[in-house]
Structures are given as C-alpha cells and as structure tokens.
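Everything below concerns the one structure shown next.
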Amino acid sequence: MAEILQTTNLRKQYQMGEVMVDALRGVDFVVPQGQFVAIMGPSGAGKSTLLHLMGGLDTPSDGDVALGGKRLAHLSDDEITIVRRREVGFIFQFFNLLPTLSAAENVALPLLIDGQRIGDYERRIDDLLDQVGLGDRKHHRPDQLSGGEQQRVAIARAFVNDPKIVLADEPTGNLDSKSGVNVLELLRRACKDLNGTVVMVTHDPRAASYADRVVFLRDGRTVRELTAGDEGIDAEEILGVMAELEL
C-alpha cells in the first residue's frame, strides 16, 4: 500500500513569553493510501500542531513532512502553497463556509482559488453534493442549512480537488450526535469507496472508533496505536487505552 504521508522526527517549538514550549518532540508517522486515521490525546498533546504541519499550514522546528513523495522542507513557500491547494483537503470544526455563497459555490471554492474553470467541474460538484446527501440543496446558503448539513458541504469541498489526503480537525466537535455520526460515516465511506485518505484529530472515543487506526499522542510524542480488526475498533477499547495512558 502506497504511503501518502510520512513525518520524520517532526518537532515543533513555540516561544511563550520567556518559556520555550515543545509542542512536538520527534514524531514519526506514516499514513498509507486509503486509511482513515484518528489522532487522540489530551489538550496540549500536539494533535492540532501535528495536523497543521502535515498540511503545510505551519513549518516544523526540525524534521520533515513528505506528502505524496514531496518533502515539504525542500519546497519554497509558493510551492508548499500549491501542494496545500491541490493535494490536501481540510475540514474544520466550525465549517468555514462563506455565508454569501451557495452550497455548490462553497464546494467549488478551492477550484476557484486555484484558477480552475468551474464549468469544467460542475458534474463533480453535483456528484459530491449527491454523495453527501445535499443534491437538492446545492443553491442554499449556509444560513439555510443545519450545522450537520454545513459540515457535509465542507466535506464535499475537501474532496472537490481530488486531494491525496484530507485533514479533519475535530469535524464533529460542533455537531449533535446524530449529525456527528453522519459526518463520520461519510468520512469512512470516502476511504472505503473512493480510496480517499483521512487523518482526523478528535477527543471523542466514539468518533475515533470509526477509524482504521487510532494514534495516541501525549506530551508531543506518539505513545500507542490501535489498529482495526475485522470488527473495527471498539470505543470501549479506546477508552481503556486512554485510562491506561492517563490521557
């Protein structure tokens, strides 16, 4: 199975006043194509920092990220921007939809930013909205959609440029339980049916149980992993690891 993403000895330090904070302390991490990975850990463990470094949204203090075989440390800022724009999809907790645009226009936004002709992608946009169950709401603006529907638009947007990987930061954190389950099932289906690759940060064991693999972070380091068997990963098993690791 091809490796879509790899981090090597990834480190990140922040200056907070007179104190130097080690957010990541040498993370080695590989994500194969088609895998749904959940990253868990307590606040301050480095989860979001790791996600931002993997997506080229931030630069490491040391170490490297390879995305689709391209080592980000060897690229210029402009080249990283192009990689981020064309090869990475992002899903955030608070949707980040533009309020004046319709659902279809929000899905098309990454293509527009990349200078593509939207007319060439109308069928793909319609297909993605159908896949997330919003084919009949393509002309609705965000204020005409529920929170769960807005997050489904964000999922369609993340996949519109056929990215190598989709990075999701607490994608169910602002949703009710039913909408959260719908979003998780969509992400899992994207991996199984579309051979998509998803890395998701979450604090919720039930959300993590939808993944093929759960990676636990503590104090900026990976400390344990769980891999799904034939029956997946049980949320109780995840809770047991969290209790054992005092996360």
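The values are calculated or read from the model by the stated rules, or taken from the named source; none is laboratory data. Owing to the predicted nature of the structure, the values given are computational and were not obtained by experimental measurement. A quick note on method: Cβ atoms are made from the backbone with ideal geometry, for glycine too, and the neighbour counts reach across all protein chains shown.
Counting only helices (runs of 4 or more DSSP H) that sit wholly inside the stretch 64-147, those with at least 3 residues that are modelled with pLDDT of 90 or more and of a type in the set (G, A, S) are 103-113. Within the stretch 204-215, the set of residues being touching a strand residue (DSSP E or B) at 6+ places or on another chain (Cβ under 7 Å) and either part of a strand (DSSP E or B) or surrounded by fewer than 23 Cβ atoms within 10 Å (Cβ to Cβ) (or both) comprises S209, D212, R213, V214, V215. Put simply, of G26, G55 the only residue that is in contact with a strand residue (DSSP E or B) (Cβ under 8 Å, 6 or more places away or on another chain) and surrounded by 17 or more Cβ atoms within 10 Å (Cβ to Cβ) is G55. Mind checking which residues of the stretch 185-208 are within 21 Å of V241 (Cα to Cα) and without any contact (Cβ under 8 Å) to a residue 60 or more places away in the chain? Within the stretch 185-208, D204, R206 qualify.
So which residues in the stretch 181-197 are within 12 Å of G148 (Cα to Cα) and touching a Phe, Trp or Tyr at 6+ places or on another chain (Cβ under 7 Å), if there are any at all?
Within the stretch 181-197, L184 is the sole residue that qualifies.
If the condition is being within 13 Å of the chain's Cα centre (by Cα), buried (at least 18 other Cβ atoms within 10 Å of the Cβ) and under 15 Å from A235 (Cβ atoms), then the stretch 166-192 contributes T172, L184.
Scanning the stretch 227-244 for residues that are surrounded by fewer than 16 Cβ atoms within 10 Å (Cβ to Cβ) and either aliphatic (A, V, I, L, M) or at positive phi (or both) turns up G232, A235, L239, A243.
Condition check ((1) within 21 Å of R189 (Cβ to Cβ); (2) of a type in the set (V, I, T); (3) under 21 Å from the mean Cα position of the chain (by Cα); (4) crowded, with 16+ Cβ neighbours inside 10 Å) across all residues:
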| position | (1), (2), (3), (4) |
| --- | --- |
| F95 | yes, no, yes, yes |
| P99 | no, no, no, no |
| D114 | no, no, yes, no |
| Q131 | yes, no, yes, yes |
| R152 | yes, no, yes, yes |
| R157 | yes, no, yes, yes |
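The residues of the stretch 1-38 that are closer than 24 Å to L186 by Cα and touching a Leu at 6+ places or on another chain (Cβ under 6 Å), listed by number, are L5, V31. Would you say R224 is surrounded by fewer than 18 Cβ atoms within 10 Å (Cβ to Cβ) and assigned to a strand (DSSP E or B)? It is true that R224 is surrounded by fewer than 18 Cβ atoms within 10 Å (Cβ to Cβ) and assigned to a strand (DSSP E or B).
For the stretch 216-237, taking the residues that are in contact with a strand residue (DSSP E or B) (Cβ under 9 Å, 6 or more places away or on another chain) and acidic (D, E), the one that is nearest to V30 (Cα to Cα) is identified as E225. For the stretch 58-76, filtered to residues that are more than 26 Å from L112 (Cα to Cα) and in contact with a helix residue (DSSP H, G or I) (Cβ under 7 Å, 6 or more places away or on another chain), the residue that is surrounded by the fewest Cβ atoms within 10 Å (Cβ to Cβ) is D64.
State yes or no: is E79 of a type in the set (D, E) and either on the phi > 0 side of the Ramachandran plot or crowded, with 16+ Cβ neighbours inside 10 Å (or both)?
no
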